[in-house]
Amino acid sequence: MRLPVWAWLALSSLAAAPANAATRPHYGGSLTVELSTAWTTLDPTEWNSALSIPITETLVRLNARGGIEPALCVAWQHDADLKRWRFSLRPKVTFHDGEPLNGASAAPSLLAALKKKYADVSIQTGGQAIVIQSSEAMPDLLSDLAAPRSTIVRQSSANPLIGTGPFRVTAWEPGRRLVVAAFDDYWGSRPYLDSIAIDFGAGRARADIFDIPVGPARRILPEGIGTWSSAPRTLVAITVAITAANAQPMLLQALALGIDRAPIVNVLAQRKGEAAFSLLPQWLTGYAFLFQSAPDVPRAKQLVSQLRLAPISLSYPANDAFLRSVAERIALNARDAGITIQPSQNALNNPGGNLRLIEWQISSEDPATELERIATALGVSRLDASKPEALYQAERSLLDRVIPLVYLRETYGIAPRVHIESSKSDAFALHLEDVWLQQEKPQP
Amino acid sequence: MSFRTKVFLSIAATAVLSVWIVAAVVSTLVTQSFERRDAQRTAALVNQFQREFDRRGIEVARRIEAVADSDAVQRLALNLAGPADTSPYFTEAQTLAQEQSLDFLELVGPDATIISSAEWPARFGYKEDWLTATPDWKSQAVFLKKEDLADGQALGLITVRTVKAGDGMLYIAGGRRLDQEFLDSLPGAEGMRVRLYRQPGEVTRVNSDATITTLPLRGRDNQLLAILLIENSRADLVALKKYIQGTAAIVGAAGVLLGLLLSFWTASRVTRPLRGLASSVREVAVGKWDTRAAVSSSDEIGQLARDFNGMTEQLVEQRDRMIQAERVAAWRELARRLAHELKNPLFPLQITIENLQRARDASPEQFDEVFRESTSTLLAELGHLKTIIGRFSDFAKMPAPQLEPVNINQLAREVIQLFEPQLHAPGRPAVETKLLLAEDLGDLAADPEQLRRALRNLVLNALDAMPDGGQLTVRTSRSDSKVAVEVSDTGEGLTPEECNRLFTPYYTTKLHGTGLGLAIVQSVVSDHKGTITVRSEPGRGATFRIELKA
């Protein structure tokens, strides 16, 4: 059974609120986090996790309904051609180092981000006003400015990341530890937590929040530990290697029919995901159910009988136990359909076989933006995704070269003292600025 | 092939053959010994394999029992009693297999669905129907089974235990791999190798210097699963055989060398007197009848030399006797011829003289006339006697030839010209002469007078052979280094017997011949180192051919 977005929100809220709902949030305390994966950079564009620690902000942002709302700006205007946009910056906003936010301090970050898409874009500033101008129309400018790559930061040799968000970096050891503290001069509401300490590569379930990696390894959680799962945000799929771009479409069709996704989701992913038949999940597009299909091994065999197939290699990222188990299961399913698949690890001297098993992180809550990212990664030229129908057609055309397998959620263990302000949480990310800690009762 | 070579080959062949026979016998005995040893070692290894197989079977059974009694399996069985989600147990078999050091372990639900597989984790959810086909696994011993793996198949020592799960059974099937590592753990003797043959192409290299013993390995249903190959290296045997062959080769070579020396020595000892004997024979053949062979030993060769010397002594004696006899015979023949030749003219002399005496006594008036006639007859007969004596005198006085360049064609023309008056004498039947002279003869070294005389005798004989006329042909020719002159007639010819005796002195077929003509011709030809032959058939004339060195 597939659940809509609102249901995920409800379930997540229930799972993340083990404590008494009537307990009132309060400020203070230090949150400890342990993650099995190591962060080696604080670059917001590389920060692709459901765990959201707002250190930086953008001019605008997406709200829970997918709409654009002001963030560091308070208003914007554009001309009829969408070539000239004027933004009014929020007043009395300061960076973590005390510098005020104005047009001059915001322009370098914006220009660097926009130049990647609009070659001749220029920015003019004046006080709290920013004018973004280009010779070509910029209809998607707001979406671009809401993307993580458009965060406004200040360059400093003393601090690796200086933004305007509710948390500021106080310690950073790449790959080992990150400590952030509440930014008292934040223009919005102060976060509940005084600080957050994140240790990487641990995952020993001793922290307030720890990640539970997806995979076949069975993990028994300590008593009282709750879980929080994101909406599906990682797509596991089979892609055709560039060197085998002329692979027979019928082969992919047969393979797709031969794969039974349910055991992959239920057993290998231990239900931390859902079967995928489309590139974008249901919560993002609303039409993903249209792609659903059941395994049909006899039909797959029939297709295979029309082909002359040599053994096919299916590569997966090295040291990824989950993808390795998925690859072996696919090989087993393929064998039932009459296709010989040999799973193999990616190696430096062998970057991949005929087919590749990949994980795709969904980083945008805008389906058109996300589909365009996928298309770019697949080497497809720009898509027309201006309307939902066009988006659907564009996605269907991409399915000729991709076999979606499963969407994975990010799951975190939550200690009993951790509370999430449910009214402000969504299913895509766990916003740590909305987390508060229950005060320990004094010992009698 | 020389005698020395024969001796050498005989000795060398004997040495090599002897060595080869000895080497072959030794090699055969060694091979049999090695084969007996290999058979014993193989039997010991097969026994050891069976013991190890049984021991590991007991160990596998114990480990599977431990798995069946584990908390994880008991908990799983408890969960399976009702509607259960078995997905959390997906990795359980791997954990348990690791704990019990098992290569294969599968946890299979009551419906024969794999819950967890250690050897092929991705196979969860698939069926293992063979497990539910056997009602009581407790009484089943450990057995061999081919296990499907992601990368092929493996042979396993498998056992199955069951745990009650509600109304059904949880099956625990597992064991250990029967692979090369297992086989390597068997205590084999040096030079032995044990391998498994499970499918075509698996054993890619078999040592050609090894003997292979096979032992079929069968599964529960007696199906052939694999073959145990016990390879006994024959490297030691091969090395020993090579050593024997090498030694035999060296000994053989030494034998050949020894044969060479022995043959040289033997040949020296044996062939030296034989060579001396052969040399003596050659000297005897060229007329040195007084040659003697050296007698250097008392063996057969020495006896042969003695017999040779005796033979030459007898030959010399017989030759002397023959010469003496021939002399006597020649003198007798000469006396007979002389008596015959002289008797003929003496008888008319006697008659004439007696006529003279009677005429003087009976008719003195006619005496003068008779005297005149008688003296005439006497002179004629005396002349005849003188001629006879002259011929004998000429034959006796044949001088040594005085060689000078002679043109044989010119000589032939002169002789024919000499006989021209006689050929065309009135009343004589016509004899036609024919000269067939080769123009390229050139000159040869000869005594022209003697050669002319020989030709004259041959022409004279030819004319005598044609009293009724005929054709006289003189032909000259040259071949290689010889010049030939032939004188042919068309007379009555000669019998083969006459041809054989023709050149014997004083032999003649004519009524008034002395028998010296052809003897003189042969004497002249012989003095010029030439040859004379005759070919003739009765009624078809005769041809005399003289060949002289050019």
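The values are calculated or read from the model by the stated rules, or taken from the named source; none is laboratory data. Small disclaimer: the values here were computed from a predicted structure and weren't measured. Backbone-built Cβ (ideal geometry, glycine too); neighbour counts: all protein chains shown. The accessibility values were calculated without ligands, DNA or RNA, using every heavy atom of the protein model including side chains. Shrake-Rupley method; radii C 1.70, N 1.55, O 1.52, S 1.80 Å.
Quick look at the values:
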{"item": "The one condition in (1) modelled with pLDDT of 85 or more; (2) buried (at least 17 other Cβ atoms within 10 Å of the Cβ); (3) not polar (S, T, N, Q) that B:Ala445 fails to fulfil", "result": "(2)"}
{"item": "In the stretch A:395-415, residue farthest from A:Asp144 (Cα to Cα) [restricted to those that are in a helix (DSSP H, G or I) and open to solvent by less than 10 Å² (accessible area, probe 1.4 Å)]", "result": "A:Leu398"}
{"item": "Test set (1) exposed (fewer than 13 other Cβ atoms within 10 Å of the Cβ); (2) outside any helix (DSSP H, G or I); (3) on the phi < 0 side of the Ramachandran plot; (4) among the small types (Gly, Ala, Ser) - B:Gly287 fails condition number", "result": "(3)"}
{"item": "Any hit, the stretch B:53-70, residues being closer than 30 Å to A:Pro263 by Cβ, of a type in the set (A, V, I, L, M), at pLDDT below 85 and surrounded by 18 or more Cβ atoms within 10 Å (Cβ to Cβ)", "result": "no"}
{"item": "Unique match (being open to solvent by 20 Å² or more (accessible area, probe 1.4 Å), in contact (Cβ under 8 Å) with a residue 40 or more places away in the chain and either of a type outside the set (Asp, Glu) or within 14 Å of another protein chain (Cβ to nearest Cβ) (or both)) among A:Ser134, A:Ser150, A:Ser156, A:Ser122", "result": "A:Ser156"}
{"item": "Helices (runs of 4 or more DSSP H) fully within the stretch A:274-338 counting 2 or more residues that are within 15 Å of A:Leu252 (Cβ to Cβ) and either within 14 Å of chain B (Cβ to nearest Cβ) or at pLDDT 90 or above (or both)", "result": "A:297-305, A:321-336"}
{"item": "Odd one out for A:Ala64, checked against (1) assigned by TED's automatic domain parsing to the domain that holds A:Ile414; (2) within 26 Å of the chain's Cα centre (by Cα); (3) open to solvent by 50 Å² or more (accessible area, probe 1.4 Å); (4) within 21 Å of A:Trp228 (Cα to Cα)", "result": "(1)"}
{"item": "Residues within the stretch B:131-143 that are more than 15 Å from B:Lys164 (Cα to Cα) and surrounded by 14 or more Cβ atoms within 10 Å (Cβ to Cβ), tallied", "result": "3"}
{"item": "Cross-chain or 6+ apart pairs with Cβ under 6 Å, the stretch B:331-351 first and surrounded by 11 or more Cβ atoms within 10 Å (Cβ to Cβ), then charged (D, E, K, R) and modelled with pLDDT of 75 or more", "result": "B:Pro345/B:Glu381; B:Pro348/B:Glu381; B:Leu349/B:Glu381"}
{"item": "Hey, B:Gly246 surrounded by 15 or more Cβ atoms within 10 Å (Cβ to Cβ), of a type outside the set (D, E, K, R) and part of a helix (DSSP H, G or I) or not", "result": "no"}
{"item": "Selection from the stretch A:126-150 of residues that are polar (S, T, N, Q) and within 28 Å of the chain's Cα centre (by Cα)", "result": "A:Ser143, A:Ser150"}
{"item": "Residue that is nearest to the other protein chains (Cβ to nearest Cβ) [pool: residues in the stretch B:80-106 that are touching a residue at least 40 places away in the same chain (Cβ under 8 Å) and more than 18 Å from B:Glu119 (Cβ to Cβ)]", "result": "B:Leu80"}
{"item": "Index of the failed condition, B:Ala122 passing every other in (1) exposed (fewer than 15 other Cβ atoms within 10 Å of the Cβ); (2) within 14 Å of chain A (Cβ to nearest Cβ)", "result": "(1)"}
{"item": "Residues being within 22 Å of the chain's Cα centre (by Cα) and either open to solvent by 70 Å² or more (accessible area, probe 1.4 Å) or modelled with pLDDT of 80 or more (or both) - total across the stretch A:209-222", "result": "6"}
{"item": "Qualifying residue in the stretch B:413-427 (condition: touching a Gly at 6+ places or on another chain (Cβ under 9 Å) and at pLDDT 85 or above)", "result": "no"}
{"item": "Criterion (aliphatic (A, V, I, L, M), free of Cβ contacts under 8 Å to residues at least 60 places away in the same chain and over 29 Å from A:Glu389 (Cβ atoms)) met by exactly one of A:Ala294, A:Ala262, A:Ala288, A:Ala269", "result": "A:Ala262"}
{"item": "A:Thr369 in contact with a helix residue (DSSP H, G or I) (Cβ under 6 Å, 6 or more places away or on another chain), within 27 Å of A:Leu355 (Cα to Cα), modelled with pLDDT under 90 and not hydrophobic (A, V, I, L, M, F, W, C)", "result": "yes"}
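Residue-wise test of (1) of a type in the set (S, T, N, Q); (2) modelled with pLDDT of 85 or more.
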site: A:Gly379; (1), (2): no, no
site: A:Ala385; (1), (2): no, no
site: A:Arg396; (1), (2): no, yes
site: A:Pro416; (1), (2): no, yes
site: A:Ser425; (1), (2): yes, no
site: A:Leu430; (1), (2): no, yes
site: A:Gln439; (1), (2): yes, no
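Every residue, every condition in (1) more than 60 Å from the chain's Cα centre (by Cα); (2) under 30 Å from B:Arg123 (Cβ atoms); (3) open to solvent by less than 40 Å² (accessible area, probe 1.4 Å), yes or no:
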{"residue": "B:Thr5", "(1), (2), (3)": "no, no, no"}
{"residue": "B:Ile11", "(1), (2), (3)": "no, no, no"}
{"residue": "B:Ala15", "(1), (2), (3)": "no, no, yes"}
{"residue": "B:Phe34", "(1), (2), (3)": "no, no, yes"}
{"residue": "B:Asn79", "(1), (2), (3)": "yes, yes, no"}
{"residue": "B:Glu99", "(1), (2), (3)": "yes, yes, no"}
